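A.B. asks: Below is the structure I would like to discuss, written out as structure tokens.
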Amino acid sequence: MRVPAQESPQFPSGNQDGAHIHVQTSDAMAFPKHEQIIEEKAFDGRSTTPPGHAGGAAVHEGDPERGEPEPPAGLHKKQPADGLSGRQIFYIFGLDGIGAAVLSGGINFAIAYGMYSTQNVDLHPIRLFQLPNTLAGDAAVTILIQTAVTWFIELVLVEHDMKNGAVRPIDFVREPSRPLLRWLMLLDQNQATRSKSRAGSLAGHAVRIALMFVLSFLLLWPASIGILTTVGERTGGGDWDWYFKREWAPQVFKGVFGGLLALLTTPAIASFWLVREGWRLQREGSLVT
């Protein structure tokens with residue numbers, strides 16, 4: 001549509017042609033400007049239809065793992081993938097593996113520095129087994145506390161990351177059919193009904209934390225004690241225990257031990273929740289084909 005031309009004013013006969021040309025030129029210049037305004041509105045976010053899309057067409061939900069734009073956070077959950085993607089590998093073994101090991105190692109080192117560096121070893125010696133400062137007991141308590149904290153932190157973080165599309169649930173693992181494994185992975189409907197109360201839910205988490213504690217203890221604690229016997233000193237005279245200075249053996253031990261524990265447990269716990277969510281979506285028929 002063109003804008004109607006304004007009526008030309010009356011000029012002397014010698015200037016009528018020039019006036020007519022002037023008005024037509026100004027009139028023609030208005031159209032590119034009007035079109036430019038329309039184009040600017042279409043690209044500055046005020047248009048309801050993105051450029052290149054027909055009106056009312058559904059907007060494609062992007063996939064960041066394939067290089068496509070990601071939809072707004074919290075809009076939908078990521079659907080399970082058929083195989084372990086690069087992002088899942090980085091999430092499980094990078095962030096929850098190496099990243100968790102570095103973070104946990106640093107925290108445990110700082111705790112050990114505060115615990116042992118100020119001790120009067122003449123009154124309260126640092127020993128391997130005997131109280132009050134026992135490195136063997138410290139290792140056992142570290143396994144229990146760190147496993148419980150990691151379990152609940154990963155429960156919250158993994159669910160948050162799946163809701164916001166940061167990571168996909170794992171789908172390629174076959175869902176177990178044996179009752180014991182289904183109970184362990186929180187798959188039984190009967191158990192889900194029993195666990196509706198807060199006390200029942202906490203009891204279910206406590207059982208699985210205890211299993212993680214036992215496995216971690218068997219894998220890490222005996223080997224750690226064996227290494228400490230080569231570092232500590234024995235005084236003799238009937239004293240069978242190993243003694244340590246307040247710096248730096250206790251700090252290094254607790255830092256390395258906490259890092260290895262995180263490297264072992266955090267990826268396993270994160271995978272637990274990713275796999276379980278993939279099975280849930282399979283049962284609901286929410287898989288992407």
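A.B. asks: Rounded to two decimals, what is the ratio between the C-alpha radius of gyration of region 86-283 and 2.2 N^0.38 Å?
C.D. replies: Normalised by 2.2 N^0.38 Å, the Cα Rg of region 86-283 equals 1.22.
A.B. asks: Let me ask you something else. Chymotrypsin sites (Phe, Trp or Tyr not before Pro) within region 226-274: which are DSSP loop residues with at most 15 other Cβ atoms inside 10 Å?
C.D. replies: Passing sites in region 226-274 are Trp240, Trp248.
A.B. asks: Mind giving me the nanometre distance, one decimal, between the label points for Ser85 and Ser117, set 7 Å out from Cα along Cα→Cβ?
C.D. replies: 4.4
A.B. asks: What number in nm² do you get for region 81-151 if you take the convex hull of its Cα atoms and divide its surface by four?
C.D. replies: Averaging across all directions leaves 6.0 nm² for the Cα convex hull.
A.B. asks: Can you bin every Cα-Cα distance in region 215-289 into 10 Å intervals starting at zero and give me the percent of pairs per bin, rounded to whole numbers?
C.D. replies: Here the calculated profile for region 215-289 is 15, 30, 21, 14, 10, 7, 3, 0.
Coordinate-derived values only; no laboratory data. The model shown is predicted, which means the values in this text are computed figures rather than measured ones. Don't worry about glycine lacking a Cβ; one is built from the backbone with ideal geometry, like all the others, and counts go over all protein chains shown.
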